[in-house]
């Protein structure tokens, strides 16, 4: 019998920071990132320099940044598009913590998002489906999605061209009746089962339990751990529809883990307050 069987717990794979997350975490409040710093941090994280260079080129081709100078003496400059994408990602984190703090209460209404897009506009249909799914809406039937959240602002950012084509119909329901669901909590469990969402935080929970602050002797080492935590939180949030607190039984594990993340983040920031990743994330105020 192996150790995993003895403990009854599945082994959690170590987090891998993507080159994109690394690059974004190196930008200061002025929108610049020193390539020397980027590559030093990549070494600390075990990311090959070639992988980082390729990511920079992809982001440059996408209009998210530009590179000035060559090699470690150069720097990256964030574009308006790149800054907008980073703000969008940060807004998801900010929303999660506002909800955890009870600052974003549910109004008790469910929202339906409906579309019937012809085959001739298949690409638009797929884009709408993907956008709604990424925003945490659950599919009731083809072209019909349910969520407790008002998604208008987010959809206006992610698929503005499709909203302009009047492809989407929305409805607000003060009450929702679903077979075999006696209340709103049961509806939430039916469409957004709690177990896999809580499981998505296992990686972040494992990271938090293994932090050894005494082993971190310089800013690069501290920033590397912060980036690993940031990547772990991002992975979890991608699978978390962030349902209102009113729709989850207490205690809700993701809320507990996110609170532990904040505690660890404050400890790391106190050790390297001038590291770009902390300067940028000060805007989230957690």
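A few remarks follow.
Matching residues to (1) out of contact with any helix residue (DSSP H, G or I) (no Cβ under 9 Å at 6 or more places or on another chain); (2) outside the structural domain of residue 232 (by TED's automatic domain parsing); (3) closer than 18 Å to residue 225 by Cα; (4) in contact (Cβ under 8 Å) with a residue 60 or more places away in the chain:
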{"residue": "23", "(1), (2), (3), (4)": "no, yes, yes, no"}
{"residue": "41", "(1), (2), (3), (4)": "no, yes, yes, yes"}
{"residue": "47", "(1), (2), (3), (4)": "no, yes, yes, no"}
{"residue": "82", "(1), (2), (3), (4)": "no, yes, no, no"}
{"residue": "85", "(1), (2), (3), (4)": "no, yes, no, no"}
{"residue": "89", "(1), (2), (3), (4)": "no, yes, no, yes"}
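- Condition check for residue 15: under 29 Å from residue 208 (Cβ atoms) and either in contact with a strand residue (DSSP E or B) (Cβ under 6 Å, 6 or more places away or on another chain) or not in a loop (DSSP other than H, G, I, E, B) (or both): no
- In summary, residue 37 fulfils each of the numbered conditions (1) part of a helix (DSSP H, G or I); (2) without any contact (Cβ under 8 Å) to a residue 24 or more places away in the chain with the single exception of condition (2).
- Given (1) farther than 23 Å from residue 99 by Cα; (2) within 22 Å of the chain's Cα centre (by Cα); (3) part of a loop (DSSP other than H, G, I, E, B), index of the condition residue 223 fails: (3)
- No other residue among 29, 83, 19, 96 is within 21 Å of the chain's Cα centre (by Cα) and exposed (fewer than 12 other Cβ atoms within 10 Å of the Cβ) apart from 29.
- Positions within the stretch 142-153 being outside any strand (DSSP E or B) and either out of contact with any strand residue (DSSP E or B) (no Cβ under 9 Å at 6 or more places or on another chain) or more than 20 Å from residue 245 (Cβ to Cβ) (or both), in sequence order: 142, 143, 152, 153
- Residues of the stretch 112-141 that are over 20 Å from residue 193 (Cα atoms), out of contact with any strand residue (DSSP E or B) (no Cβ under 9 Å at 6 or more places or on another chain) and not in a helix (DSSP H, G or I): 117, 118.
- Just so you know, in the stretch 261-275 the residues that are surrounded by fewer than 16 Cβ atoms within 10 Å (Cβ to Cβ) and under 22 Å from the mean Cα position of the chain (by Cα) include one that is farthest from residue 187 (Cα to Cα), and it is 267.
- Any chance residue 156 is surrounded by 14 or more Cβ atoms within 10 Å (Cβ to Cβ) and either in contact (Cβ under 8 Å) with a residue 24 or more places away in the chain or part of a helix (DSSP H, G or I) (or both): no
- Filtering the stretch 54-80 to residues that are in a helix (DSSP H, G or I) and either in the same structural domain as residue 276 (by TED's automatic domain parsing) or closer than 10 Å to residue 35 by Cα (or both) leaves 71, 72, 73.
- Boolean, residue 249 is part of a loop (DSSP other than H, G, I, E, B) and within 30 Å of residue 189 (Cα to Cα): yes
- Matching residues in the stretch 182-199 - criterion: being surrounded by fewer than 16 Cβ atoms within 10 Å (Cβ to Cβ) and not in a helix (DSSP H, G or I): 182, 183, 193
- The condition of being modelled with pLDDT of 95 or more, over 29 Å from residue 43 (Cβ atoms) and surrounded by 15 or more Cβ atoms within 10 Å (Cβ to Cβ) holds for residue 258.
- Assessment of the stretch 202-209 against the conditions (more than 21 Å from residue 95 (Cα to Cα) and more than 21 Å from the chain's Cα centre (by Cα)) yields no matching residue.
The values are calculated or read from the model by the stated rules, or taken from the named source; none is laboratory data. Owing to the predicted nature of the structure, the values given are computational and were not obtained by experimental measurement. Ideal geometry is used to build each Cβ from the backbone, glycine not excepted, and the neighbour counts take in all protein chains shown.
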